[in-house]
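Remarks on the structure that follows.
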Amino acid sequence: MQVVFLGTGAGLPSKNRNVTSLVLDLLQENNTMWMFDCGEATQHQILYTNIKPRKVTKIFITHLHGDHIYGLPGFLSSRSFQGGIEPVTIFGPRGIEEYVKTSLEISQTRLTYQINFVETHNGIIYEDNKFKVVANSLDHGVISYGYRIIEKDLPGALLVDKLKQHNIQPGPLYQQIKDQEKVVLPDGQTLETAPFIGKPKPGRVVAIFGDTRFKEEQDKLAENADLLIHEATFSADQEKLAYEYFHTTTKQAATLAKKAKVKKLILTHISARFQEEDLSSLENEAKEIFPNTEIAKDYTWFAV
């Protein structure tokens with residue numbers, strides 16, 4: 001599982017940062033990629049990565065401000081041109097379906113795949129045998145959501161030494177032991193497999209917040225996450241501005257990460273007022289409260 005940032009700026013693009021978008025790379029887990037927000041020119045940003053648009057099967061929109069959705073019609077169209085045939089599901093606040101359908105209809109865009117829409121609400125919005133996604137509303141003036149992506153616990157490792165002690169040698173039977181509760185051995189005995197499988201490995205958790213004011217109670221969405229991705233539009237000394245514009249400062253994001261007991265914090269959605277030489281100072285503001293903090297840059301990858 002990896003995260004790649006396609007855009008890390010707030011409001012409008014700058015020379016060093018495009019507007020918001022990131023991709024959760026789940027190729028190793030389920031051979032897909034999930035996109036979170038799709039700001040203007042996201043498809044251009046993808047050209048500088050190894051992301052294949054046809055592998056993006058789910059798109060989660062945090063809110064409907066332009067810097068988070070203006071790239072969506074173009075991305076969907078290009079995905080079609082590039083051979084995408086698998087359906088795409090778009091999750092987002094009320095209005096996302098109308099926006100996408102209207103954009104495609106007016107531009108007479110014909111896609112080679114189906115789009116399904118799910119209106120985001122508080123609670124579980126998606127679940128399969130490997131992942132669950134929980135959404136929770138934030139505080140941004142318009143409807144804005146954070147998403148908690150939960151990987152379900154992974155099966156424990158096969159206890160090979162223990163199997164050999166019972167004269168069960170490596171072979172196709174090992175896979176059956178991993179997959180089934182009972183197997184029949186070559187000598188006709190029935191084997192209960194549970195004692196030969198280790199403890200389940202806890203799944204990973206990634207919390208991705210949309211734009212929001214700081215509220216300590218939002219820590220529940222990020223609780224014990226392996227990775228928290230949070231906006232930091234303003235610096236620590238701009239708390240009043242952050243409140244007025246429904247955004248968060250570096251220190252506020254770090255405070256939330258500390259309260260939620262996450263393992264790592266990545267700050268994104270950086271205001272265009274800040275230049276490259278300002279980044280160390282911004283990062284250090286957060287590190288004073290939560291040391292394991294980094295500021296994302298466009299095209300950077302982080303393993304989870």
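A few notes on this one:
- MRE, 222 nm, helices only [DSSP H, n ≥ 4, -39500 (n - 2.57), over the chain, to nearest 500]: -6500 deg cm²/dmol
- Under Karplus coefficients 6.51, -1.76 and 1.60, residue-wise ³J(HN,Hα) of segment 34-49 in Hz, glycine/proline x: 10, 9, 10, 6, 8, x, 3, 6, 4, 5, 5, 4, 4, 4, 9, 10
- With 23 Å as the limit on Cα-Cα distance, the pairs of 263/287; 201/264; 15/263; 201/251; 132/263 that go past it are 15/263; 201/251.
- Stretching the chain fully between residue 44 and residue 166 yields a gain of 38.2 nm (0.36 nm per residue, less the alpha carbon separation).
- In the chain, the longest principal axis of the Cα atoms and the axis of helix 72-81 are about 50 degrees apart.
- Orientation-averaged projected area, Cα convex hull of segment 19-123 (nm²): 6.5 nm²
- Normalised by 2.2 N^0.38 Å, with N the number of residues, the alpha-carbon radius of gyration of segment 1-55 equals 1.12.
- The angle between the Cα long axis of helix 96-106 and the main principal axis of the chain comes to about 70°, on a 0 to 90 degree scale.
- Rule-of-thumb Rg ratio for the chain [Cα; 2.2 N^0.38 Å; N residues]: 1.14
The numbers here are math on the coordinates, done by the rules we state, and not lab data. The structure displayed is predicted, hence computed values, not measured ones.
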